[in-house]
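Reading through the structure tokens given below for one structure.
The values are calculated or read from the model by the stated rules, or taken from the named source; none is laboratory data. These figures come from a predicted structure and were not determined experimentally. All Cβ positions, even for glycine, are placed from backbone atoms using ideal geometry, and neighbour counts span all protein chains on display. Accessible surface areas use protein heavy atoms only, side chains included; no ligands, DNA or RNA. Shrake-Rupley method; radii C 1.70, N 1.55, O 1.52, S 1.80 Å.
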Amino acid sequence: MTNTWPAIQIALSAVVLVCAVILIAGDSQLVGALMAISSVASIAVAARTIVVNRRTEQLRAALEASEV
């Protein structure tokens with residue numbers, strides 16, 4: 001499994017988070033807050049995906065090693 005797409009998701013969500021902070025500092029607090037919540041949730045999901053992928057790879061490697 002690869003962690004490329006979750007890493008891209010984290011990077012793009014970080015950009016959205018920066019935009020949200022800029023909006024919050026301006027006149028669009030509600031839109032900025034919603035964007036911030038969405039981007040933080042997206043980062044959390046992508047980070048969890050990376051952790052699960054690593055754990056799956058470790059379990060698969062351990063299973064293959066035990067079969068040999």
Item to check | Hey, Ile24 among the β-branched types (Val, Ile, Thr) and open to solvent by less than 50 Å² (accessible area, probe 1.4 Å) or not | outcome: no
Checklist entry - For the stretch 1-27, what are the residues that are assigned to a helix (DSSP H, G or I) and hydroxyl-bearing (Ser, Thr, Tyr)? => result Thr4, Ser13
Checklist entry - Looking at the stretch 28-36, is at least one residue part of a loop (DSSP other than H, G, I, E, B), open to solvent by less than 70 Å² (accessible area, probe 1.4 Å), among the hydroxyl-bearing types (Ser, Thr, Tyr) and at pLDDT below 95? => result yes
Next on the checklist: When you check Ala65 against the structure, is it exposed (fewer than 11 other Cβ atoms within 10 Å of the Cβ), assigned to a helix (DSSP H, G or I) and free of Cβ contacts under 8 Å to residues at least 24 places away in the same chain, yes or no?
Outcome noted: yes
Checklist entry - Restricting the search to the stretch 39-56, which residues are open to solvent by 70 Å² or more (accessible area, probe 1.4 Å) and of a type outside the set (Lys, Arg)? => result Val40, Val45
